[in-house]
Structure formats: structure tokens, C-alpha cells
């Protein structure tokens, strides 16, 4: 299982990639596999990133475990902001 900070970074990256491929349009769905593969994430890492992003209310997920994802308004906003530098 990835470390918490790694899951956070991967969740953010996943949302940014989803925003890129959907042009940040509301209710545009993509598969977890497609977005995870684009980022080079293995299925476990992609699943952990999706679960974290859903918990942060950045994503909506379809299925259990989610197989398709869509950005929420909060996810689109977060994806447009640069990540905070680590201290």
C-alpha cells in the first residue's frame, strides 16, 4: 500500500489528468484503468488514489470498487490549482 503522501500526490495527479482529458467539463466520465494507465499507476495504486479522491470529494465513482470516475466541482477547482510545496 502506498504511503499517505504518495496517495495524496497520486490522487491529485489523477484528478489533473482527468481534468485534462475531459477539458474539465462536468459529468464527463472516464475509466479508472484509462486514467491510471496514463499516469503509469498499477491497479492497486490507481484504486487507492481513486478512493482517496472520492473521500476528498474530488471525484464521483461508479461501481464498487469504482470503474468509472468523474470530477466534482471541488475536483475541477483543485485540479486547476498548483500543489502546495512540501516543507
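In region 64-84, is there at least one residue being crowded, with 18+ Cβ neighbours inside 10 Å, part of a loop (DSSP other than H, G, I, E, B) and at pLDDT 95 or above?
Taking every residue of region 64-84 in turn, at least one turns out to be crowded, with 18+ Cβ neighbours inside 10 Å, part of a loop (DSSP other than H, G, I, E, B) and at pLDDT 95 or above.
From the set of residues in region 48-62 that are more than 11 Å from residue 11 (Cβ to Cβ) and touching a helix residue (DSSP H, G or I) at 6+ places or on another chain (Cβ under 9 Å), which is surrounded by the fewest Cβ atoms within 10 Å (Cβ to Cβ)?
First pass over region 48-62, keeping only residues more than 11 Å from residue 11 (Cβ to Cβ): 57, 60-62.
Checking the rest, the ones that are also touching a helix residue (DSSP H, G or I) at 6+ places or on another chain (Cβ under 9 Å) come to 57, 60-61.
On the way: 57: 12, 60: 16, 61: 17.
Checking each candidate, the answer is 57.
Looking only at region 8-43, filter to residues that are more than 10 Å from the chain's Cα centre (by Cα) and more than 18 Å from residue 68 (Cβ to Cβ); which one of those is surrounded by the fewest Cβ atoms within 10 Å (Cβ to Cβ)?
Step by step, filter region 8-43, then rank; the result is 40.
For region 37-56, enumerate the residues that are farther than 20 Å from residue 74 by Cα and not in a loop (DSSP other than H, G, I, E, B).
Narrowing region 37-56 to residues farther than 20 Å from residue 74 by Cα: 37-45.
Of everything in region 37-56, those that are farther than 20 Å from residue 74 by Cα and not in a loop (DSSP other than H, G, I, E, B) turn out to be 37, 38, 43, 44, 45.
The values are calculated or read from the model by the stated rules, or taken from the named source; none is laboratory data. As the structure is a prediction and not an experimental result, all values here were calculated from the model. Positions of Cβ are backbone-derived with ideal geometry, glycine not excepted, and every protein chain shown enters the neighbour counts.
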